[in-house]
Amino acid sequence: MLVYINGKFVPEEQATVSIFDHGFLYGDGVFEGIRAYNGRVFRLKEHVDRLFDSAKALDLDPGITRAEMAEIIKETLRQNNLKDAYIRPIITRGVGTMGLDPRHCANPSIICAASAWGAMYGDLYETGLTAVTVCVRRNPPDTLPPNIKSLNYLNNILGKIEANYKGGDEAIFLDRTGKLAEGSGDNIYLIKDGVLYTPPTINNLKGITRLVLLDICAKIGIRYEICELGLFDLYTADEVMVTGTAAEICAITKIDGRTIGTGVPGPVYKKLLASFQTETQNSGDA
Ligand code: PLP
């Protein structure tokens, strides 16, 4: 694979960063996860906007324009002849001194890598995921705001480790007040009596797939509500599902050992999945 790094494409073995890059030393940087379907980048503008907004929230000037970043992302796909792919642009604070002060980092590092990609959860799209709620709480907005897609994913990783030990395919995070937040790398929804419910994006990432899903709901006539939710709502839902760029749309059929609804991916999920697949196959930037 060829990787874009600071102005040029190099073979992946040569795509290295300094140990003094603050992205490596401190997780001081931002990233995106983007899908391409049939050689077209899905929701490119939205991802570049979120990348730059995340950088802005960290007072990190990428030193290039949004249009230039979009071009780098498309070129990474082209250089590697990829059609169905996962693309990972990264902007770090760049090389500095050992101390954490960002003022000592002269230039940001701009990186973009890609790899061929299939379905993240394999056969689990047929059966649904087994999920567990985790003790680790989603980091609150007054610490590291979950809307910054930063290189510091330790909160999510701690939850994922806990889910792994508990035998869950995915971790479900609550926030410090017990409100439903999101998964380790995806947004969460439940269906009750035909209505789709999802939490507001104060305690979770403003998912781009979430916006796609809500648009689909509006288009195909599924009523949705954005409201605070808790464990009771989760356990008594007819259906639960998650969305993310990597996960796409996947049903959750078991949570904390309890069967959700009938225990198989439900009718609303199936309807949404069909529309989502139509959307991903028929839009995007080449
Ligand atoms: N929540 C978290 C913590 C994530 O890392 C992601 C993935 O980027 C999402 C939600 C879903 O966001 P998107 O649909 O933009 O991929």
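Values quoted throughout were computed directly from the atomic coordinates according to the rules given, and no laboratory measurement underlies them. These numbers come from a predicted model, not from an experiment. Using ideal geometry, Cβ is built from the backbone for each residue, glycine included, and neighbour counts are taken over all protein chains shown.
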- [ ] With all distinct Cα pairs included, what does the Kirkwood hydrodynamic radius of segment 93-190 come out to in Å, to one decimal, could you say?
- [x] 16.0
Task: segment 123-155-segment 209-286 distance, computed between alpha-carbon centres (Å) - done: 16
Task: Helix-only mean residue ellipticity at 222 nm for the chain, each DSSP H run of n ≥ 4 adding -39500 (n - 2.57), per residue, nearest 500 - done: -9000 deg cm²/dmol
Task: Candidate aspartates and glutamates - alpha carbon under 12 Å from LYS254, same-chain residues fewer than 8 apart omitted - done: ASP169, GLU170, ASP238, GLU239
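Evaluate Rg over Rh across the chain, taking Cα atoms for both radii and Kirkwood's formula for Rh. All intermediate terms of the calculation are to be shown ahead of the outcome.
On the way: Rg = 19.2 Å, Rh = 19.7 Å.
Rounded to two decimals, Rg/Rh equals 0.98.
How big is the dipole moment of segment 1-114 about its Cα centre under a simple scheme where the beta carbon of each Lys and Arg is +1, that of each Asp and Glu is -1, and everything else is neutral? Debye, nearest 20, please.
For this selection, approximately 400 debye.
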Open item on the list: Please compute the modelled spin-label separation between THR97 and LEU154, points set 7 Å along Cα→Cβ, answer in nm with one decimal.
Closed with: 2.3
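Let me have the relative contact order for segment 87-221, percent, based on Cα pairs under 8 Å that are six or more residues apart.
Result for segment 87-221 is 19 percent.
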Open item on the list: Rg and Dmax in Å for segment 232-274, alpha carbons only: what are they?
Closed with: 10.3, 29
Task: Gain in span if fully extended, GLU71 to GLU225, counting 0.36 nm per residue against the direct Cα distance - done: 51.8 nm
- [ ] Please determine, in degrees from 0 to 90 and to the nearest 10, the orientation of helix 66-79 with respect to the longest principal axis defined by the Cα atoms of the chain, where the helix direction is its Cα long axis.
- [x] 90
Task: THR278-ILE19 FRET efficiency (beta carbon distance; Förster radius 51 Å; 0.05 resolution) - done: 0.65
- [ ] Looking at segment 1-154, send over the antiparallel percent of its DSSP beta bridges, to the nearest 5.
- [x] 100
Open item on the list: Sequence gap at least 6, Cα distance under 8 Å: using those rules, report the relative contact order of segment 1-109 to the nearest whole percent.
Closed with: 35
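Test of understanding: what is the full-extension gain from LYS56 to ALA246, defined as 0.36 nm times their sequence separation minus their Cα-Cα distance? Each step should come with its number before you reach the end.
Values: separation 190, 0.36 × 190 = 68.40 nm, distance 2.43 nm.
Extra length available between LYS56 and ALA246 comes to 66.0 nm.
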TODO: Report, to two decimal places, the Cα Rg of segment 83-127 normalised by 2.2 N^0.38 Å (N = number of residues).
DONE: 1.89
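Over every pair of different alpha-carbon atoms in segment 186-280, take the mean of 1/r and invert it; report that Kirkwood radius in Å. Working shown, then result.
Numbers: mean 1/r = 0.0755 Å⁻¹.
Result for segment 186-280 stands at 13.2 Å.
Of the DSSP beta bridges with both residues in the chain, give the percent that are antiparallel, rounding to the nearest 5. Before the final figure, lay out each step's value.
Values: 43 of 52 bridges.
If I count the DSSP bridges inside the chain, around 85 percent turn out antiparallel.
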